[in-house]
């Protein structure tokens, strides 16, 4: 009788051990196939599909339905749902195939799109973080010269060959004493905004012109291939804006500089962790 009890107890122990081992294997298998980054046959609730284990977000799917058909999931037809889902699956398949072919390294449009995407992600931090009024006023004070009305100048530029320096000096003197003679009317007068005059004249001539009063005449200015005498008919100089008038532009410039700062920082970080080799002949 004692032998039978021991035999039953031993058999029960083996059964319990086997059951425990089986339960452990089932739990391990469940964890393995549902863990992030592993293959699974179950679509997570936050997604609408998995394509080679890459999720298609439910929020993106609903947004696409709204964009294309102006409906939510409850009011979309079966055809509309299938069309949007098929398009998103097709896109994911093509993206994955593009990665396999390394399209990004060869196609300039893809490369440009990827760069633009990274830059937009960098810019998002700056755009979503709005500066305070104190920060904007400090920025305005630091860059006050930027914020002014656009100046306008009406100017004549008299041009002489480099060998005619005496003629240029005589022309400047004649202009100071009276109206230009027909012989001096080398160019017709033109009314230009300051930025256009700067492009047209170049930096040295523009700097000389901007300080001339109405009726003012410059001394002869020697250029690379000519001598110039400037005669200012009318100079309407820029008028500085106050902070209230310039605030919108100040905000735009502040965010632009913030984005540029972040972009420079990210580029510096990426360069430091990258192995960049440059050919000797282009260093």
- Query: What length, rounded to one decimal in nm, is gained on full extension from residue 52 through to residue 116, with 0.36 nm per residue of separation minus their alpha-carbon distance?
  - Reply: 20.4 nm
- Note on the structure: Assertion target for 237, 198, 99, ordered by fewest C-beta neighbours within 10 angstrom first, is 99, 237, 198
- Jot down the radius of gyration and Dmax of segment 41-99, Cα atoms only, both in angstrom. 11.7, 36
- Query: Using 7 Å Cα-to-Cβ label points, what is the residue 165/residue 129 separation (nm, one decimal)?
  - Reply: 5.7
- Query: How many angstrom separate the Cα center of segment 55-103 from the Cα center of segment 225-283?
  - Reply: 40
- Message: As a footprinting exposure proxy, order 218, 260, 129 by other Cβ within 10 Å, with the fewest listed first.
- Response: 129, 260, 218
- Task: Counting only C-alpha contacts under 8 Å and six or more residues apart, can you give the relative contact order of segment 47-127 as a whole percent?
- Result: 17
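Only the coordinates and a few stated rules stand behind these numbers; no lab work does. Keep in mind that this is a model prediction, so the values were computed, not measured. Don't worry about glycine lacking a Cβ; one is built from the backbone with ideal geometry, like all the others, and counts go over all protein chains shown.
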